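Chemist: Have a look at the structure that comes next, please.
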Amino acid sequence: MVEVRYESVTKQYENGFEAVKGLDLKINDGEFLVLLGPSGCGKSTTLRMLAGLEDVSAGNIMIDGAKVNDLPPGARELGMVFQSYALYPHMSIGENLSFGLRMAKGDNRLSDEEIVKRVQETAKLMELEDQLDKKPKQLSGGQRQRVALGRALIRQPKVLLMDEPLSNLDAELRHQMRAEIRRLHEALGTTTVYVTHDQIEAMTLADRIAILNQGELQQHGAPLDVYNNPVNDFVKGFLCKHIDEIVETANNLFPKE
Ligand SMILES: Nc1ncnc2c1ncn2[C@@H]1O[C@H](COP(=O)(O)OP(=O)(O)O)[C@@H](O)[C@H]1O
Ligand SMILES: [Mg+2]
C-alpha cells in the first residue's frame, strides 16, 4: 500500500511568489495520476516537493501515512525521471542501471548477487538485455530514455515520479514511449505521479488527471469524466476545446469514407 497525500500544501518561493496554493490531493495506491496544466502553473513545484527537492512552505505531504516534509530525498524511496535524464557517459548501460544500488550504504545495501539479478530483471523489462555492455552514446534516444526509466525502477521505488520525461523526444518516439510507460505501469502497478502540459499525453496515460492553473487545483477525475464534465471555463478551454481541435484536425486529415 503506497498512498500519497498533499494536505493543504503551499509553496512560496523566496521572492514571495506562491507557486502552489493550498493543494489537497490524494494519490491512491497503484494509481497513475497525471498533473496537467499550462507552463508555469506549478506542476514541477508540486512534484519536486514530493521528491524532497523543494521545501514545503505550509501543509503536509504524506507517503504511506507518514509525514515526509522533513525527510531528505534519499530517504523517501522514490524513483524519478526527468526531461533531461543524465546517464553517466563513461559507464556501461549495466553500470548505469546498477549505480544507485551499488552506492547504497548500510542496511539498504543489497548483495552483489541481488544487484546482478535486479539488473537482469530490469534489462529484460526494458528490453535492454543486449545493450548492457554498451555505452550510452551507442544507444538511440528511445533506448537511453528506457535506461533512465530502468534506473528509477530498479530500486523498486514506493512512488515513481516523472516530469515531462518525453518532451525531448520526436513525435513518433514519444508515442512509442507513452505506450511503453503504460505497459510498465500495468505490469508493475507502482503508484505514479506524472507531470505534463500535453493534453493528449495526459488523457492516454492517466487513471486520473489533476488539472492545475496558477498554482490552484481546478479539477481531478478520470480523463473522460473531466473531459465530459469540465467544472469551469479554464478546464473547458485548456482540455476540452484543445482536444476537440486535435480530433477535428485528425478527422480532416484522415476523413472517414
Ligand atoms: N526558484 C523559484 N523562485 C521563484 N519562482 C519560481 C521558482 N521556481 C519556479 N518558480 C515559478 O513558479 C511557477 C511554477 O513553476 P513550475 O512549478 O516550474 O511550473 P510548471 O512545471 O507547471 O511549468 C512559475 O511561475 C515559475 O516561474
Ligand atoms: Mg515543469
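The values are calculated or read from the model by the stated rules, or taken from the named source; none is laboratory data. This is a predicted model, so every value here is computed, not measured. Heads up, the Cβs are rebuilt from the backbone with ideal geometry, glycines too, and the neighbour counts pull from every protein chain shown.
So that you can scan it fast, the table gives a plain yes or no per residue for (1) surrounded by fewer than 14 Cβ atoms within 10 Å (Cβ to Cβ); (2) aliphatic (A, V, I, L, M); (3) under 21 Å from the mean Cα position of the chain (by Cα):
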site: LEU47; (1), (2), (3): no, yes, yes
site: SER57; (1), (2), (3): no, no, no
site: ILE63; (1), (2), (3): no, yes, yes
site: PRO72; (1), (2), (3): yes, no, yes
site: MET91; (1), (2), (3): no, yes, no
site: ASN108; (1), (2), (3): yes, no, no
site: ARG118; (1), (2), (3): no, no, no
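Chemist: Something else about it: Name the one entry in THR192, THR204 that is surrounded by 23 or more Cβ atoms within 10 Å (Cβ to Cβ), modelled with pLDDT of 90 or more and among the β-branched types (Val, Ile, Thr).
Modeler: THR192
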